[in-house]
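Written out below as structure tokens is the structure these notes cover.
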Amino acid sequence: MTPHKISMLGTGLICNFYTQVLHGQRNPDRVMNVYSRTEERGQAFCEQWGIPRHATSMEETINDPETDVVVVGLPNSMHEEAIRLCAEAGKAVLCTKPLARNAEEAKRMLELVEKAGIFAGYLEDLCYTPKTLKALEAVKKGALGDITWVRSREAHPGPHSAWFWDKNRAGGGCTIDMGCHCVEIIRNFVGKGNRPVEVMAWADTLYHPIPIEDNSIGLIRFESGAVGQMECSWTFRGGMDLRDEVSGTQGMVRLDHFLRTGFEMYSSGGADGYVAEKAETDSGWLFPVGDEAVALGYVDMFTDQFAALEEGREPQETFYDGYVVAAVLDAFYKSLETRAWAPVELDWRYGTTPHLSPNKQQHDGKDILKTELLPDGRKRLIVRNPDTGETEDILMDA
């Protein structure tokens with residue numbers, strides 16, 4: 001394992017999480033330089049994390065001769081400029097989600113890193129949560145059969161920094177902020193090579209006085225016929241709700257990553273303190289998280305990204321993945337305008353995915369529609385005659 005020296009771009013919440021992980025558990029990787037738009041925030045960040053240098057010039061931070069990797073944790077509107085500078089410097093780069101504000105911007109960034117021949121990883125942490133990785137392993141082994149439907153939900157009381165509320169800087173509202181997570185989680189479960197075909201969207205501004213959406217729901221239809229459902233909200237109260245459900249022809253899985261995971265605490269409010277990300281109070285019934293960095297996927301994310309860099313392979317999450325996500329979200333916003341299904345327009349690099357086929361299990365030449373185990377041990381089959389279309393019940397002895 002090669003220790004890496006890192007230039008960190010940004011000093012906000014996400015960069016605090018990133019640096020905590022990079023410096024944690026006796027990790028040999030170190031942030032050596034940080035860029036902040038203000039001298040004060042840069043200095044404070046260095047003091048907090050023991051970082052030797054800071055600068056208010058992005059170009060200076062990226063071109064630091066002592067660092068070999070750049071981590072981008074900036075507002076969305078600054079990603080493309082950061083990637084351009086990394087490409088010019090020939091530096092490996094890891095960029096936070098979403099990759100860009102739209103697919104056109106994401107495509108330019110993808111072309112920049114590919115033309116420069118540099119390593120580029122997409123920091124999509126929620127695809128690396130321990131529960132997600134375990135569930136993905138089961139799906140890839142066929143435990144759930146063919147995946148037919150995936151639901152991904154992220155909801156909380158709203159983002160922590162002012163720029164998220166600005167459409168020009170963010171690119172959109174809660175859908176850009178959180179839907180990017182949901183889309184890529186869904187893609188992992190239905191298969192990265194399963195082309196997203198079209199999107200149907202609903203969104204509204206239900207509470208906050210802003211010109212962008214604070215709640216949204218989207219349906220994504222994939223080439224296989226599978227459907228993804230994403231749910232995003234900036235008006236959910238009580239913390240951060242991160243849940244996924246995956247259904248297949250042979251099983252299903254439910255994942256609750258953050259809000260109710262078995263750690264509950266009551267406090268009368270005698271001591272002020274941090275409870276968990278997006279927690280709104282530090283008194284009453286509380287739901288802390290044992291290790292947020294692990295639970296939110298940051299540890300496994302950086303492990304995979306740096307291992308991929310050293311092994312000369314692609315990481316689980318790439319810039320191309322970030323581009324596909326941006327294209328899906330473009331279709332979401334197009335659907336809002338047309339109030340109809342909107343096609344996902346993108347440069348697709350994979351092949352075709354066969355459409356899901358009807359179950360072909362049979363009993364006496366008849367298609368089995370459902371199997372049920374009865375209390376007395378007998379088995380009940382519902383079957384359909386493929387020639388006549390007639391259905392019937394069959395009872396089988398235990």
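Using the structure shown, select from Lys5/Lys115; Lys134/Lys360; Lys91/Lys141 the pairs with a Cα to Cα distance greater than 31 angstrom. From Lys5/Lys115; Lys134/Lys360; Lys91/Lys141, over 31 Å: Lys91/Lys141. The share of Cα pairs per 10 Å bin across segment 5-125, counted from zero up to the longest distance, runs 14, 50, 31, 5, 0 percent. Roughly how many debye, to the nearest 20, is the charge dipole of the chain about its Cα centre, given +1 on each Lys and Arg Cβ, -1 on each Asp and Glu Cβ, and no other charges? Charge dipole of the chain: 500 debye, to the nearest 20.
Net charge within 11 Å of Thr56 by Cβ-Cβ distance, Lys/Arg positive one each and Asp/Glu negative one each, not counting Thr56 itself?
Numbers: positive: Arg37, Arg41; negative: Glu39, Glu40, Glu59, Glu60.
The answer is -2.
Counting only lysines at least 8 places from Lys366 when in the same chain, those with an alpha carbon closer than 28 Å to its own are Lys379. Across the options Leu369, Ser283, Val31, the greatest Cα extent toward the positive end of the charge dipole of the chain (unit charges at beta carbon of Lys, Arg, Asp, Glu) belongs to Leu369. Please give the contour-minus-distance gain from Gln43 to Arg384: 0.36 nm per residue of separation, less the Cα-Cα distance, rounded to one decimal in nm. Between Gln43 and Arg384, full extension yields an extra 115.6 nm.
For a straight C-alpha distance cut-off of 12 angstrom, the aspartates and glutamates reachable from Lys334 (same-chain residues fewer than eight places away being disregarded) are Glu198, Glu345. Of the residues Pro358, Leu336, Pro315, the one whose Cα sits farthest toward the positive end of the charge dipole of segment 305-367, with +1 on the Cβ of Lys and Arg and -1 on the Cβ of Asp and Glu, is Pro358. Label-to-label distance for Arg26 and Glu66 is 2.4 nm, based on points extended 7 Å past Cα in the beta-carbon direction.
Computed over the Cα atoms of the chain, what is the convex hull's projected area averaged over all directions, in nm²? Working shown, then result.
Values: hull surface 98.8 nm².
Reported value for the Cα convex hull: 24.7 nm².
Each residue of segment 228-240 is assigned a 3J(HN,Hα), and the resulting list reads x, 10, 10, 10, 9, 8, 9, 10, 6, 10, x, x, 10 Hz, derived from the Karplus form 6.51 cos²θ - 1.76 cosθ + 1.60 (θ = phi - 60°), x at Gly and Pro. The shape of segment 217-351 can be summarised by an equivalent ellipsoid whose semi-axes, obtained from the alpha carbon gyration tensor, come to 34, 22, 15 Å from longest to shortest.
A short reminder: the numbers here are calculations on the coordinates, not readings from a lab. No experiment lies behind these values; they were computed from the predicted model shown. Cβ sites come from the backbone with ideal geometry, for glycine too, and all protein chains shown count toward neighbours.
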